[in-house]
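Read through the structure below, which is laid out as structure tokens, and then see the notes.
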Amino acid sequence: MLKKNQRLTSHSAFVATYRQKRVVSDEIFVLYGGKNNEEQNYPTRVGFVVSKKIHKRATKRNRIKRLARESYRNLLKNGQIPQAQGFTSLIFLANEGALDRNYEEICSSVKNLVANLAIKYF
């Protein structure tokens, strides 16, 4: 589980990240990235969103969030995502393609999206 200071929890934090419009996507996730100059020394905070459009059952939606959270946590722990390369907040929004994916596919998607976001906006 991610530490509390590594998670986006408030509605205002989600809205602020969405408004910055730094977006990359693939068939599994849409990744929104946010930067705040005041929070340079804080860890990157991450949120995961799976809407009811994806699946009506909460168990399916929660499975996607669990896999995405765990893959992000493992990548961060292994140093493959060094504090999301300058972004202070990230939101992973699941697409319908996330339903049938396994852990390895979700993990590679998370890693590639963070790398693409850093390339596109730095």
| Listing Phe92, Phe122, Phe14, Phe48 from the residue with the fewest other Cβ atoms within 10 Å to the one with the most, what is the order? | Phe122, Phe14, Phe48, Phe92
| remark: For segment 4-121, the Cα convex hull volume per residue in Å³ comes to 101
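Only Cα pairs under 8 Å and at least 6 apart count here; give the relative contact order of segment 4-121 as a rounded whole percent.
About 37 percent, as a whole number.
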| message | Quick check on the exposure proxy: order Thr9, Thr88 from fewest to most C-beta atoms within 10 angstrom. | response | Thr9, Thr88
| query | Can you tell which of Lys56, Lys21, Lys65 shows the greatest fluctuation in a Gaussian network model of the chain with Cα springs below 10 Å? | reply | Lys56
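None of the figures in this text is laboratory data; all of them are computed from the coordinates on show. Remember, predicted model here, so these are calculated numbers, not experimental data. So basically every Cβ, Gly included, is an ideal-geometry build from the backbone, and we count neighbours across all protein chains shown.
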